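Data block below; observations after.
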């Protein structure tokens, strides 16, 4: 400050001019305990009033050494660790790992296993998107859609609990099969769930998606232009929100996804420029509808078979390596597994979508307001367990 | 297994619940009988006390009644809000403590009373302690001129409207103080947002108040109520070719903003500022902010009722329903509308909030005032 204490006490009254007023930026640490960073992310914000000049994300608070652990347990032992990577999309994570090891060993699973895997993966996608959509409502300040979403998410978790005994971390996708066959009555219950779930999506649309305040808040912030999306190699709903039709389920089908009839929703730029937070959010809502379609088809065609038919007695792949990617609720997840011919993997590397998404956060956060930072983090739908691993 | 404590609870809670529900019924009866009781007390004072202290005693009784009501109202309002929220969200809300959770607020209140009072080490301790009192004082003091019934008002000020507007600004100072004294960047943001918001929204509030004032020609709230006598269609909201109806909506929106309720709850935005100005508060000081919030919710609703919905006047031309009961019913309905909005709408961003005030509400309010002024001109 240009006036000192002495000056203030002196006889002559100091004259303040606008030029004397000092402007300074403030560093605001958002997180790691902030409720809206979706886990333990710390964002260092350089703010000028409410405007954020620079946002620097700091990750690593949830580092659990997944990849090193994987080098010390046998192949099936990695599956629970894979479950814990993206803990709101566990089924998709363990599925990717199981598929990679199967590719390494050259195992072909039977049709029933494939169909069940599609079923659980899509149910998981619904559960994960419900969490994302619901908490996005909270981020913007609407609490009610969150609880409506969670009510239905509980139903999915109930289905999973019935299936394998766990509600969040399942250890369900084994190498060469799945741990349990579908219990009696499960198919009917799933069909009932999908039928009533479409009404929930309508409800979310009414309450949140097309709410004037909500669209005003989200449709003009966090713009990811298509070129930027591609150059940062983002994937999943975030990429599709920018209007690019790319889905591994269509591009490199696994588990027989090529036999299902479904659309890939992309951002529509209905309320603002393409690639906004609203586009990403709405792609998730539309994807839930597509998932319902896939689940209906899978339930209709469910073939007979033994889910343990191809489970090997000992998972001991020959020397070699395998890389496989799938479309998880969050985007393109890939595992790279290297075998030295032993019982324990030589190296397991996870390519997690959220980590990649976080890398462009500073680009889209620049120049937005503090409230928009929350909106952007929410729309990227990050899970810190997957970023930090 | 049922523990000993739970067994005692199971015996006691139904009894207290019944007592509370009966108490609530009694309270409604009491409110209905308020004019009679007030008249009785007034005559008692006239008969037994020397003339010099009669007005003081009457005022004192009024103040005691209002403060008593305001201390009890949040207990009901918090329970009610939780129930409204729960049923909006397809769940039940508090159900365990007493019948449908009616004792939940008491349990919460007792918990808050026993909480440690934490003052941030680097904060400004004096301002930190002072801030909640200012906020509560601002919210409570305005009730002095709120008319509950015919002649039922603590202080029948001739400048009632002006007084409410002036005293309402107390809250802004208190909140700014709380934000600054917490020595927390989030709280500071909350405080700054609140100051900007309250000062901005004061303007359309006053302008819409004036729309009514030019029609009555008085700032006295009792006069305003008296001008709406004669049944439903004499309420101001139904008069003046819809101008008053628009003014009512504008006033209610501004009221939401002044009480920091969703969609204008930016100062305490849970998901951005982590409770904003009261992040650092705990225990009873924290509770004071809630007392103030529910107090001002009631105040804003009450003021809207007085100005636009006929105050303590009934729907019919003749006063069948006792005035206070009529007033309470309408006010509680508006309180319910506030809660309903809170649990339905998302939150605005700070620049959108300002844009809404300066670009829409103030011009609309100005236009309404001009038109109303012309129409109200004596021929």
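The values are calculated or read from the model by the stated rules, or taken from the named source; none is laboratory data. Keep in mind it's a predicted model, so treat the numbers as computed, not measured. Please note: Cβ atoms are built from the backbone with ideal geometry, for glycine as well, and neighbour counts cover all protein chains shown.
Just one residue in the set A:202, A:181 is assigned to a helix (DSSP H, G or I), at pLDDT below 90 and farther than 21 Å from residue B:86 by Cβ; that residue is A:202.
Total residues in the stretch A:328-352 satisfying the condition of being crowded, with 17+ Cβ neighbours inside 10 Å and free of Cβ contacts under 8 Å to residues at least 24 places away in the same chain: the figure is 1. Here the condition is being touching a strand residue (DSSP E or B) at 6+ places or on another chain (Cβ under 9 Å), in a helix (DSSP H, G or I) and modelled with pLDDT of 85 or more; of A:299, A:239, A:286, it holds for A:239 alone.
For the stretch B:215-271, a tally of residues being away from chain A (no Cβ under 14 Å) and closer than 26 Å to residue B:144 by Cβ returns 28. Count of the stretch B:337-353 residues, restricted to those that are more than 7 Å from chain A (Cβ to nearest Cβ) and closer than 29 Å to residue B:93 by Cα, is 6. Residues that are in contact (Cβ under 8 Å) with a residue 12 or more places away in the chain, surrounded by fewer than 17 Cβ atoms within 10 Å (Cβ to Cβ) and more than 9 Å from chain B (Cβ to nearest Cβ) within the stretch A:18-48 comprise A:20, A:22, A:23, A:25, A:44, A:46, A:48, listed in sequence order.
Every residue, every condition in (1) at negative phi; (2) away from chain A (no Cβ under 14 Å); (3) in a helix (DSSP H, G or I), yes or no:
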| site | (1), (2), (3) |
| --- | --- |
| B:141 | yes, yes, yes |
| B:155 | yes, yes, no |
| B:163 | yes, yes, yes |
| B:175 | yes, yes, yes |
| B:178 | yes, yes, yes |
| B:188 | yes, no, yes |
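Looking for whichever is in contact (Cβ under 8 Å) with a residue 40 or more places away in the chain, surrounded by fewer than 20 Cβ atoms within 10 Å (Cβ to Cβ) and closer than 20 Å to residue A:290 by Cβ here; the options are A:251, A:203. Which one fits? Selected residue: A:203, the only one of A:251, A:203 that is in contact (Cβ under 8 Å) with a residue 40 or more places away in the chain, surrounded by fewer than 20 Cβ atoms within 10 Å (Cβ to Cβ) and closer than 20 Å to residue A:290 by Cβ. Residue A:149 satisfies every condition listed in (1) touching a helix residue (DSSP H, G or I) at 6+ places or on another chain (Cβ under 8 Å); (2) more than 30 Å from residue B:356 (Cβ to Cβ); (3) within 14 Å of chain B (Cβ to nearest Cβ) except (2).
One residue alone among A:113, A:156 is surrounded by 24 or more Cβ atoms within 10 Å (Cβ to Cβ) and under 17 Å from residue A:182 (Cβ atoms), and that residue is A:113. Evaluation of residue B:356 against the conditions (1) within 14 Å of another protein chain (Cβ to nearest Cβ); (2) under 15 Å from residue B:204 (Cα atoms); (3) within 21 Å of the chain's Cα centre (by Cα) shows that the sole unmet condition is (3). Taking the stretch A:360-389 on its own, how many of its residues are over 15 Å from the mean Cα position of the chain (by Cα) and assigned to a loop (DSSP other than H, G, I, E, B)? Selection size over the stretch A:360-389: 4. For the stretch B:20-48, the set of residues classified as surrounded by 14 or more Cβ atoms within 10 Å (Cβ to Cβ) and over 30 Å from residue B:80 (Cα atoms) consists of B:41, B:42, B:45, listed by residue number.
Could you say whether any residue in the stretch A:280-294 is within 14 Å of chain B (Cβ to nearest Cβ), buried (at least 24 other Cβ atoms within 10 Å of the Cβ) and within 22 Å of the chain's Cα centre (by Cα)? So far as the stretch A:280-294 goes, yes, one or more of its residues are within 14 Å of chain B (Cβ to nearest Cβ), buried (at least 24 other Cβ atoms within 10 Å of the Cβ) and within 22 Å of the chain's Cα centre (by Cα). Among helices (runs of 4 or more DSSP H) entirely within the stretch B:236-318, having at least 2 residues that are crowded, with 23+ Cβ neighbours inside 10 Å, more than 20 Å from the chain's Cα centre (by Cα) and modelled with pLDDT of 80 or more singles out no element at all. Looking across the stretch A:183-202 at every residue that is touching a helix residue (DSSP H, G or I) at 6+ places or on another chain (Cβ under 9 Å) and within 29 Å of residue A:244 (Cβ to Cβ), the one that is farthest from the other protein chains (Cβ to nearest Cβ) is identified as A:194.
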